[in-house]
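Quick note: the coordinates plus some simple rules give every number you see, no bench work behind them. Quick caveat: nothing in here was measured; it's all calculated off a predicted structure. Note: ideal-geometry Cβ built from the backbone for every residue, glycine included; neighbour counts use all protein chains shown.
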Amino acid sequence: MAACRPAPDGPSQGTTEVEKTSAKEPENPVSQAELVAKVQSAKARVEAGSPFRLGAGDANFAEVAADLRQVIAQAEDLHLRANASLLLGSLFESRADLRSAISYYQQARMLLPKEASPRAVLAMALAADHQWDRAIAEQKVVVSLVPNDLQGRLIFGEILTKSGRKKEAALAYAEYEMRRKGLLDGLTLTREGAYVTDRAERAQCAGFLAHAADNGTALALMTAFGMDPDPGVRAEIVGAMGYQRLLGYRDFLRDQKTSEKDPRVLEAMNWALAEIDRDPVDSRPTAKPPAADPFQPGPIDATPKKTDVSGRSDGESTPSVAGSH
């Protein structure tokens with residue numbers, strides 16, 4: 001079977017390649033700080049638009065790939081090694097080499113088996129390669145690891161739908177809806193004039209709701225913003241609005257901005273309005289949805305927002321996981 005063949009230009013699929021890489025004596029050892037710098041440099045070059053696609057930029061690709069392989073072989077920090085594997089996999093995926101990409105994504109997942117991000121990236125690539133059973137198995141674990149991740153639940157339903165498992169997909173979407181309503185309750189419910197959850201929990205609920213970009217959730221977020229007295233919670237609600245970029249938020253945010261006093265909330269409003277102006281999403285029922293297949297080969301980002309290889313907040317970008325130093 002083709003799936004059993006080692007991926008070209010990548011490690012063989014299985015646990016042995018990671019173990020061999022870990023056991024190798026480094027040919028040209030460098031400091032751990034230099035390895036971190038190599039990943040950060042590679043990430044910056046990718047995000048700057050260096051030509052890594054098939055048929056172009058082969059010298060650039062070879063140089064960056066060599067740096068990332070060195071990190072995978074020599075880094076002591078498992079998160080740094082996983083980041084390098086994810087980044088190298090994304091380069092292969094951008095060159096339409098899904099099998100090699102999957103191999104590196106699987107390597108990252110084996111390095112961090114209890115973290116959802118590498119599994120989510122792997123599941124998307126497997127789905128793009130129509131390896132449905134494996135994709136479903138990985139995404140199911142993602143959902144179990146982060147139950148409140150609405151995006152993960154939507155992707156799970158989409159993979160099930162694409163694989164032809166319509167009944168299971170319907171159940172996955174129903175569970176998504178139940179979880180969405182639970183998060184809205186956690187954000188807004190009160191008892192005898194007091195919130196049933198503390199401000200940290202409400203902020204978390206708002207953050208998870210960023211992936212529920214529907215009109216019902218949008219109305220609930222605007223209502224929650226007007227209700228909640230805590231600036232941190234309101235800033236997180238506005239952050240969710242900016243992530244969704246729904247056109248309907250623009251007038252609401254402009255109006256609320258005139259009376260808002262807290263600098264954190266004002267900063268979040270400015271960012272959200274800039275995001276909406278940059279790429280507005282019209283969620284009206286008559287608006288034509290974008291024609292896109294999430295399982296076609298290409299660069300993907302299925303990781304937590306605002307995480308880079310050094311653990312700093314840095315906006316959404318190439319696949320990475322937190323924890324590197």
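Before moving on, here are some points about what is shown:
- Within segment 31-121, the percentage of alpha carbon pairs spaced more than 15 angstrom apart rounds to 55%.
- Projection of the Cα convex hull of segment 121-208, averaged over all directions and equal to a quarter of that hull's surface, yields 6.0 nm².
- Scaled against the 2.2 N^0.38 Å expected of a compact globular protein of N residues, the Cα radius of gyration of segment 148-296 reads 1.11.
- The relative contact order of segment 148-296, computed from alpha carbon pairs under 8 Å that lie at least 6 residues apart in sequence, is 18 percent.
- Stretch gain in nm, segment ASP58-ARG191, where the contour uses 0.36 nm per residue and the Cα spacing is subtracted: 41.7 nm
- Amide hydrogen proximity for VAL281: with H placed 1.01 Å from N in the peptide plane, the residues at 5 or more positions away or on another chain lying under 5 Å are LEU246, LEU247.
- VAL238, VAL146 arranged by Cβ crowding within 10 Å, fewest neighbours leading: VAL146, VAL238
- Listed residue pairs exceeding 29 Å between alpha carbons, taken from LYS43/LYS257; LYS114/LYS181; LYS43/LYS162; LYS38/LYS140: LYS43/LYS257; LYS43/LYS162; LYS38/LYS140
- Label-point separation, LYS114 to LYS261 (7 Å along Cα→Cβ), nm: 4.5 nm
- Charge tally for ARG264 (other residues, Cβ to Cβ under 12 Å; Lys, Arg +1; Asp, Glu -1): -3.
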